Amino acid sequence: MEFTQIGFTKKTHGVAGEIKIAIEEVYEDLFLEADRVFLEIKGAKMPFFIENIRGGGELIVHFEDVKNKEEAWLLQSKGVFLPTA
């Protein structure tokens, strides 16, 4: 499967496992419509299902199965990818 990098994760937000994400403007609509994205972890693209997205200029995302700040902290500074159509 081919992937396109659309942005990157930033810092955690709050204590419930949310994380701030920076998405390139041209990919923002695709990101907002996606039910999952892939994060690059140790060289592999791992799927993360989106539970909730909020925020205006800076997007705050909560992924399924990320339950606390410690788990979200492990996802900081990772590339965010979508499959290339």
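Descriptive notes on the structure:
- Residue within the range 30-41 that is of a type in the set (A, V, I, L, M), in contact with a His (Cβ under 6 Å, 6 or more places away or on another chain), in contact (Cβ under 8 Å) with a residue 40 or more places away in the chain and within 15 Å of GLY17 (Cβ to Cβ) present: no
- Being of a type in the set (Gly, Ala, Ser), open to solvent by less than 30 Å² (accessible area, probe 1.4 Å) and touching a helix residue (DSSP H, G or I) at 6+ places or on another chain (Cβ under 7 Å) is a condition met by no residue of the range 31-43.
- Cβ pairs under 6 Å, 6+ apart, first in the range 2-15 and over 11 Å from LEU39 (Cβ atoms) and open to solvent by 100 Å² or more (accessible area, probe 1.4 Å), second of a type outside the set (Val, Ile, Thr) and part of a strand (DSSP E or B): LYS11/LYS20
- The residue that is farthest from ALA85 (Cα to Cα), counting only those in the range 34-44 that are out of contact with any Lys or Arg (no Cβ under 8 Å at 6 or more places or on another chain) and at pLDDT 95 or above, is ALA44.
- Unique residue being surrounded by 13 or more Cβ atoms within 10 Å (Cβ to Cβ) and at negative phi when the list is GLU25, GLU18: GLU18
- Count - residues of the range 45-73 that are open to solvent by 40 Å² or more (accessible area, probe 1.4 Å) and out of contact with any Lys or Arg (no Cβ under 6 Å at 6 or more places or on another chain): 17
The values are calculated or read from the model by the stated rules, or taken from the named source; none is laboratory data. Small disclaimer: the values here were computed from a predicted structure and weren't measured. In this analysis, Cβ positions are derived from the backbone assuming ideal geometry, glycine residues included, and neighbour counts consider all displayed protein chains. Just the protein is used for accessible areas: all its heavy atoms, side chains included, with ligands, DNA and RNA removed. Shrake-Rupley method; radii C 1.70, N 1.55, O 1.52, S 1.80 Å.
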